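Reviewing the structure listed below.
The values are calculated or read from the model by the stated rules, or taken from the named source; none is laboratory data. The model shown is predicted, which means the values in this text are computed figures rather than measured ones. Neighbour counts run over all protein chains shown; Cβ positions are idealised from the backbone, glycine included. To get the accessible areas, we keep the full protein, side chains included, count just its heavy atoms, and leave off ligands, DNA and RNA. Shrake-Rupley method; radii C 1.70, N 1.55, O 1.52, S 1.80 Å.
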Amino acid sequence: MLQKFYPSEIADSAYAIDYKSLYQQGYRGLLFDIDNTLVEHGAPANKRAIELISKLKEIGFRICLISNNQEERVSSFNKDIKVHYVYDAHKPSRKNYYKAMKLMGTKPRNTVFVGDQLFTDVYGANRAGIKSYFVKPIGPKEEIQIVLKRYLERIVLYFYRRQKRLEAN
């Protein structure tokens, strides 16, 4: 039952993923959540985020931001990054994951999603058939509903890690 919330992979951050390896494996599209995935909640695109996206473009990836935030937040974040974006995405609904892939010209089999929340980001990616990376939140500042979800995420992650240990033995 909890498996639908399990990520394909876990990374310390969006900045710690081996993107070159993903490209070599045939992935061509990257979907990113913004808040607490690329920057702290509500922060503008910083030098680190801009450099990451630039490096990913050089590798050959097509990139799309997918956020439940309103257009003003997403478009202002995207001002210096200049990639496709989908705002008010209603994650975990599949619809806008598919819209993002259409914008990039990719399919579920060659797209990767990176986000910091299991019940919206990862679950939505899983529902859309996309490889998902769960990353640790960048900053401590979060809305109250997210703080409450983090407690439930710990339970899911406990069982996820237990399953991975069992599979490794």
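Odds and ends about this structure:
- Modelled label reach - residue 13, point 7 Å along Cα→Cβ, region 21-44 residues with backbone N closer than 12 Å: 36-40
- Cross-link pairs beyond the 21 Å C-alpha cut-off, checked among 20/91; 99/164; 55/91; 55/79: 20/91; 99/164; 55/91
- Gyration tensor (alpha-carbon) shape descriptor, region 26-108, a/c threshold 1.5: oblate
- Estimated Rh, the chain: Kirkwood, alpha-carbon pairs, angstrom: 16.0 Å
- Computed on the chain, with alpha-carbon pairs under 8 angstrom and 6+ residues apart, the relative contact order is 30 percent.
- Across region 96-145, C-alpha contacts under 8 Å between residues 6 or more apart give a mean separation that, scaled by the residue count, equals a relative contact order of 34 percent.
- Accessible area of the chain belonging to carbon and sulfur atoms, whole % at 1.4 Å probe: 51 percent
- Spin-label model distance (nm) - residue 43 vs residue 167, 7 Å beyond Cα toward Cβ: 3.1 nm
- Net charge of Cβ neighbours under 9 Å - reference residue 69; Lys, Arg +1; Asp, Glu -1: -3
- Global geometry of region 16-71, whether rounded, prolate or oblate, following the gyration tensor of its Cα atoms and the 1.5 cut on a/c: prolate
- Efficiency of FRET between residue 3 and residue 99 - r from beta-carbon atoms, R0 25 angstrom, step 0.05: 0.45
- Cα-based shape type of region 116-169, given that a ≥ b ≥ c are square roots of the gyration tensor eigenvalues and the cut on a/c is 1.5: oblate
- For region 63-159, the fraction of alpha-carbon pairs lying more than 22 Å apart is 29 percent, rounded to a whole number.
- The charge dipole of the chain, taken about its Cα centre with unit charges on the Cβ atoms of Lys, Arg (+1), Asp and Glu (-1) only, comes to about 620 debye.
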